[in-house]
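In what follows, a structure is listed as C-alpha cells, so that the remarks can point back to it.
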Amino acid sequence: MSIDSVRAHLSEAAPEITIIETEASSATVEEAAAAHGVAPAQIAKTLSFSVKDDRFLLVARGDARIDNKKAKAAFGGKVRMLSLDDVETITGHPVGGVCPFGLAQPITVYCDVSLQAFDEVYPAAGARNAAIRITPERIAEITGADWVDVCQDPAA
C-alpha cells in the first residue's frame, strides 16, 4: 500500500509528522480542502511531468496553474503531463494520493514558489483519503526539491 511507503519514508525523514486519514475523499483539491477545512489554495498538489526523457514531480499550491512559458524556460523544453499509468508506476501512489514522499522510483522533485504564500500546506500522503500538514520549506527539505517559479500568478 502506498500510504505505508509514505509512512515509512516520513518515519525516517520527519518522524514528527503524522499522516491525517479522513473518512472523506481528498482525491481532488476541492475534496481535500473540504476534508481538512482549508482553502483550496492551501492544498499542495503534486503534478507529474516530463520534458523529453526527463520525468519529474512538481508540488504547487492547489489553485495554481502552470505557466507554459515559465515552465519551458525552467525545465528546458515543453512540459507534458505523464499518463496515469506512468504516474502510478513511478510514484507508487494512486492518482488522487500522489505526493513526493515514499516514492517507488527515484525522481526529481521541484516545489513551486506559489507554496511559499502559506505557513502550512496539505499534500496528499499516498492514498485518496490521506494527507499531512507541513511547511513548504519542510517539503523541499525532506524531498531534496529545488524551488522553481513555473506557475501563473494566482492574483492574475
>> Just to verify a result, which residue in the stretch 21-41, among those that are under 13 Å from Val121 (Cα atoms) and either touching a helix residue (DSSP H, G or I) at 6+ places or on another chain (Cβ under 7 Å) or of a type in the set (Lys, Arg) (or both), is surrounded by the fewest Cβ atoms within 10 Å (Cβ to Cβ)?
In response: Ala39
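If we keep just the residues of the stretch 112-128 that are open to solvent by 50 Å² or more (accessible area, probe 1.4 Å) and in contact with an Asp or Glu (Cβ under 9 Å, 6 or more places away or on another chain), which is nearest to Ser2 (Cα to Cα)?
Step by step, filter the stretch 112-128, then rank; the result is Arg128.
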>> I'd like to know if the stretch 43-54 contains one or more residues that are surrounded by fewer than 18 Cβ atoms within 10 Å (Cβ to Cβ), at pLDDT below 95 and assigned to a loop (DSSP other than H, G, I, E, B).
In response: yes
> Can Lys78 be described as without any contact (Cβ under 8 Å) to a residue 40 or more places away in the chain and more than 15 Å from the chain's Cα centre (by Cα)?
Replying inline: yes
> Can you name the residue in the stretch 36-46 that is without any contact (Cβ under 8 Å) to a residue 40 or more places away in the chain and within 18 Å of Arg65 (Cβ to Cβ) and is also nearest to the chain's Cα centre (by Cα) among such residues?
Replying inline: Pro40
> How do the pairs read when you match residues in the stretch 118-144 that are under 14 Å from Ala14 (Cα atoms) with residues anywhere that are among the charged types (D, E, K, R) and assigned to a loop (DSSP other than H, G, I, E, B), using Cβ under 8 Å and keeping only pairs 6 or more apart or on different chains?
Replying inline: Arg133/Glu120; Ile134/Glu120; Thr135/Asp119; Thr135/Glu120
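The values are calculated or read from the model by the stated rules, or taken from the named source; none is laboratory data. The model shown is predicted, which means the values in this text are computed figures rather than measured ones. Counting neighbours? That spans all protein chains shown, and the Cβs are built from the backbone with ideal geometry, glycine included. Surface accessibility is based on the protein's heavy atoms, side chains included, excluding ligands, DNA and RNA. Shrake-Rupley method; radii C 1.70, N 1.55, O 1.52, S 1.80 Å.
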